[in-house]
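Written out below as structure tokens is the structure these notes cover.
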Amino acid sequence: MEAACPPRTHPAAGFSVTTAERKGPRRLEGLDERQAKSRPSTSAEPTGTTPRPGDPAVANRLLKGITKKGPADELERVADLLPDALNVLMTRRSAACPGPDGRSLTAIVENGGGENLLVEARNAILSGDFIAQRVRYRPLNTTPGKTRWFAIRCARDLLIERAVSLALPPAATWAHPMSFAFRSGQGTSRVTSVLRENAWPYDVYVKLDIINFFDSVRHRAVLKALRRIAPDDDFLRLVGSLLRAGERNSRQGRGLGQGTVLAPVLSNLVLTYAIDDLFPREMGLDSARLSPSLTKRVDPELWRRLRPVSLGYLRYADDVLVLLAGDWTDGQAVLDLLGKALKPLGLHVRGEVGAMYEGFEFLSLRYSPQIGSQRMRVEPGTRTLNKLVLNSFAKEEAGYSRGAAMHDAVAPVYPYLVSHYAADEIFDLIRPGVKALEAQRAISAPLGSS
């Protein structure tokens with residue numbers, strides 16, 4: 001006789017779910033009379049009365065139901081992952097954010113409503129006509145003069161969305177090797193390492209920024225990309241309902257809802273099939289070329305022009321960098337290619353083409369070639385210095401370094417600058433950032449005196 005699997009428990013949840021319990025029933029329980037007649041019963045229990053969704057007996061039947069024989073469809077697989085999704089969410093800060101109904105997942109579970117929430121979420125998934133509740137948007141001022149809007153879902157939809165993300169294939173099976181955002185172990189430090197070691201042989205760089213990607217991308221393009229890794233129609237309808245609930249203002253059929261669980265995964269997925277697969281999967285002057293079949297589909301003329309050009313490609317979220325062993329006109333052709341590839345997604349871009357010997361900035365760092373070295377020099381970029389100035393003045397306003405000179409306030413914040421520049425050089429570097437911040441009324445403190 002097999003030993004029973006140990007239950008998986010979260011301390012705040014107040015209940016545990018074993019492996020056998022997570023399998024769940026084959027059919028939805030709690031249907032109305034008309035729906036119950038149209039669906040075959042898979043349970044030996046009488047169906048004369050319709051149990052209430054909040055009834056604890058319903059939760060027990062959902063978690064200890066009949067195991068389906070044969071491969072489960074996608075919706076049942078998502079429903080089976082709800083307990084795992086709850087355990088994951090209870091370790092995240094997003095669980096404590098109140099949703100549009102004013103209730104947070106943490107509060108519901110701590111008050112003993114976790115089991116009923118699982119029932120409600122499972123019923124919503126297996127009903128086949130799930131409609132997600134509209135998200136609540138919260139403004140977040142990450143940089144002076146710029147406001148980002150983060151979407152917050154209700155507890156039920158947050159739980160369902162996390163279960164959907166767990167049901168998707170891992171990013172390692174479909175993502176481009178040179179795509180570094182929203183993947184474990186592929187952060188900004190990895191980007192810096194790749195560029196420092198591999199960017200030096202190229203002649204031209206192309207930087208591309210997708211304007212308002214998370215608010216502008218078309219749902220149709222997202223679902224088309226998702227169909228490649230999850231072709232089930234019911235699953236796609238479930239995701240489509242979550243997408244529609246995240247529409248902001250009047251942008252119908254667009255947007256991913258920045259801050260939601262699925263936004264990073266779906267953004268990576270849609271950009272992988274839109275632009276990543278056009279480019280080589282490694283950096284190297286010998287064999288790094290554009291994909292023939294995919295590039296011809298976007299623009300045959302640009303393919304003929306760029307066919308002999310060696311390229312290096314790298315993307316972090318919606319920031320794209322392409323390195324070329326060619327001239328400025330080749331860089332402009334790559335920029336045109338990217339714009340045409342992203343147009344069906346409803347996206348607009350802004351780009352920059354420049355010579356490598358002048359250096360370039362990417363992800364707040366500046367890269368420049370070094371004479372006699374096969375490694376790029378890495379320094380703080382303008383954006384980093386501007387943030388540095390803002391932090392230093394914030395500390396002065398809080399009284400941590402009041403009365404000190406500006407370079408004395410900056411030094412503890414960024415030791416790298418102090419180790420590479422003299423005090424007067426730091427002052428000259430950050431003075432443009434100070435003026436820009438003062439112009440935006442982001443700070444009111446005067447310039448420090450040396």
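For segment 83-156, what % of the accessible area comes from carbon and sulfur atoms, probe 1.4 Å?
49
Can you give the accessible area of His348 in Å² (nearest 10), computed on protein heavy atoms with a 1.4 Å probe?
His348 exposes around 130 Å² with every protein chain in place.
Using a simple spin-label model with points 7 Å from Cα along the Cα→Cβ vector, what separation in nm is obtained for Trp328 and Thr192?
My value for the distance between the label points is 3.2 nm.
For segment 202-351, give the magnitude of the charge dipole about the Cα centre (Cβ charges: +1 Lys/Arg, -1 Asp/Glu; no others), in debye to the nearest 20.
For this selection, approximately 560 debye.
For segment 186-231, what does the accessible surface come to per residue with a 1.4 Å probe? Please give it in Å².
Result: 46 Å² of accessible area for each residue.
How much FRET efficiency would the formula 1/(1 + (r/R0)^6) give for Arg220 and Arg281, where r is the Cβ-Cβ distance and R0 is 25 Å, rounded to 0.05?
Once the sixth-power term is evaluated, E becomes 0.40.
In segment 195-238, which residues have a backbone nitrogen under 17 Å from the label point lying 7 Å from Trp174's Cα in the Cα-to-Cβ direction?
218-238
Say each of Asn111 and Thr91 gets a label point 7 Å from the Cα, pointing the same way as Cα to Cβ; how far apart are those two points in nm?
Using points 7 Å along Cα→Cβ, the separation is 2.7 nm.
Sorting Arg136, Arg248 by accessible area (1.4 Å probe), largest first, what list results?
Highest to lowest solvent-accessible surface, that is Arg136, Arg248.
Over segment 183-310, what per residue volume does the convex hull of the Cα atoms give, in whole Å³?
Value for segment 183-310: 146 Å³ per residue.
Place a label point 7 angstrom from the Cα of Arg350 along the Cα-to-Cβ direction, then list the residues of segment 189-227 whose backbone nitrogen is under 14 Å away.
207-213
Could you give the nm distance between label points at Ser293 and Arg307, where each point is 7 Å from its Cα heading toward the beta carbon?
1.7
Quick check: Cα centre of segment 240-280 to Cα centre of segment 85-104, how many Å?
So the two Cα centres are separated by 21 Å.
Write down the accessible area per residue of segment 84-131 in Å², having rolled a 1.4 Å probe over the full set of protein chains.
45
At a Förster radius of 56 Å, what calculated FRET efficiency corresponds to the Cβ-Cβ distance of Asp101 and Ile371, to the nearest 0.05?
Calculated transfer efficiency: 0.35.
Using the Karplus equation 6.51 cos²θ - 1.76 cosθ + 1.60 (θ = phi - 60°), what ³J(HN,Hα) coupling, rounded to whole Hz, does each residue of segment 171-177 give in order, writing x for Gly and Pro?
Rounded to whole hertz, the list is 4, 4, 7, 9, 6, 6, x.
If one puts a single equal scatterer on every Cα of segment 256-307 and applies the Debye formula without solvent, what log₁₀ I(q)/I(0) results at q = 0.13, 0.17, 0.24, 0.26 Å⁻¹?
-0.43, -0.63, -0.87, -0.95
Considering the options Leu266, Tyr357, Val320, tell which one lies farthest towards the positive end of the dipole of segment 233-357, charges being +1 on Lys and Arg and -1 on Asp and Glu at the Cβ, about the Cα centre.
My answer, from the dipole projection, is Leu266.
The values are calculated or read from the model by the stated rules, or taken from the named source; none is laboratory data. Everything numeric in this text was worked out from a predicted model, so none of it was measured. Glycine gets a Cβ as well: all are built from the backbone with ideal geometry, and neighbour counts include every protein chain shown. Quick note on the areas: whole protein, heavy atoms, side chains included, nothing else; ligands and nucleic acids left out. Shrake-Rupley method; radii C 1.70, N 1.55, O 1.52, S 1.80 Å.
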